[in-house]
1. In deg cm²/dmol, rounded to 500, what helix-only [θ] at 222 nm does the chain give when every DSSP H run of at least 4 residues adds -39500 (n - 2.57) and the total is split over its residues?
2. Express in nm, to one decimal, how much length is gained between Leu146 and Ala95 on full extension, taking 0.36 nm for each residue of separation and deducting their alpha carbon distance.
3. Would you mind checking Lys17/Lys210; Lys67/Lys185; Lys54/Lys90; Lys67/Lys176 for any pair whose Cα atoms are more than 22 angstrom apart?
4. Run the Debye formula on the Cα coordinates of the chain, all scatterers equal and no solvent, and tell me log10 I(q)/I(0) at q = 0.09, 0.11, 0.17, 0.18 1/Å.
5. Return the long-range amide H neighbours of Phe16 (sequence gap of 5 or more, or a different chain), with a cut-off of under 5 Å between placed amide H atoms.
6. With a sphere of radius 13 Å drawn around the Cβ of Pro81, what net charge do the other residues whose Cβ falls strictly inside it have (Lys, Arg +1; Asp, Glu -1)?
7. Loop only per DSSP, at most 11 neighbouring Cβ atoms within 10 Å: give me the GluC sites (Glu not before Pro) in region 56-124, ordered by residue number.
8. Using R₀ = 30 Å, calculate the FRET efficiency as 1/(1 + (r/R₀)^6) where r is the Cβ-Cβ separation of Val25 and Ile4; round to 0.05.
Amino acid sequence: MEAIENIKRRRSYRAFKPDPIPREVMQEVIEAATNSPTFMSTQPWEVAVVTGKKKDRLSDKLLELAKTQAQKRPDVSAPPPWPTELDQRKHDHGARRLKTLGIEREDEEGREALRLMNFEFYGAPCAVFLYMDGSLGEWSTYDMGLFTQTLLLAAHARGIGSVIQGAVTDYAPEIKDLLGIDAHKKLLVCISMGYPDPEALINSYRSIKKKPEEFVTWHE
Ligand SMILES: Cc1cc2nc3c(=O)[nH]c(=O)nc-3n(C[C@H](O)[C@H](O)[C@H](O)COP(=O)(O)O)c2cc1C
């Protein structure tokens, strides 16, 4: 697929076919992601690819934590509070997604079911965790973001859908423990990946993007 077309068509998918992603395809997209730029070529990324029984065990553990509202201990925290404009966009995204699924705001059960889907990796056959050394700071987090997007685009070019999930990493210590990752590493994101289910209603949701004229100033 042509590069710009691939970028424009990429979006988050939240329902997947059960078909596994072949190991060689995952290897290819991860290798493509290593072509991302980094601060002084430091390449801070560390990647855990979780499938099969291990993924099921991890999902069981995460669901238990999420259902019991266990204490959240993310390695990366959200800003308290979000600036007004961003907070509004966040709110609109949540409301529009519920509307797509026909879930009313007052329907607490429906909303909870939607939240919990995060911890089943939205049914994806593969969950990828990106982490880096705990001593690293903002530049390396930036590098990890570049790696993430390159990974997503490479995967998309191979027909693989994905969704980044901050919600999952709320349980960073438990995830690191189960995957044998050093407690001092910083867990940044989980990415669920698989072949998208085109029939699923949840995959019909589209986020609204800001127009360049809303945020670009030109200086000559
Ligand atoms: C850092 C980060 C964390 C995210 N966390 C979640 C999440 O926990 N659950 C989820 O369903 N989507 C999550 N997303 C996906 C966003 O909701 C999605 O990227 C956004 O709505 C834009 O839609 P698009 O990816 O379809 O363009 C996350 C995205 C990013 C970049």
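Throughout, read-outs are computed from the coordinates displayed, never taken from laboratory work. All values reported here derive from a predicted model rather than from experimental measurement. Heads up, the Cβs are rebuilt from the backbone with ideal geometry, glycines too, and the neighbour counts pull from every protein chain shown.
1. Values: 8 runs with 93 residues, N = 220.
Taking each H run of at least 4 residues, the total per residue is -13000 deg cm²/dmol.
2. Details: separation 51, 0.36 × 51 = 18.36 nm, distance 2.84 nm.
Length gained, Leu146 through Ala95: 15.5 nm.
3. On the way: Lys17/Lys210 31 Å; Lys67/Lys185 26 Å; Lys54/Lys90 32 Å; Lys67/Lys176 19 Å.
Over 22 Å Cα-Cα: Lys17/Lys210; Lys67/Lys185; Lys54/Lys90.
4. -0.38, -0.59, -1.49, -1.65
5. Under 5 Å from the amide H of Phe16 lie the amide H atoms of Asp197, each far enough along the sequence or on another chain.
6. Values: positive: Lys90; negative: Glu85, Asp87.
Charge balance near Pro81 sits at -1.
7. Values: sites: Glu64, Glu85, Glu104, Glu106, Glu108, Glu109, Glu112, Glu120; in loops: Glu104, Glu106.
Sparse-neighbourhood loop GluC sites (Glu not before Pro): Glu104, Glu106.
8. 0.85
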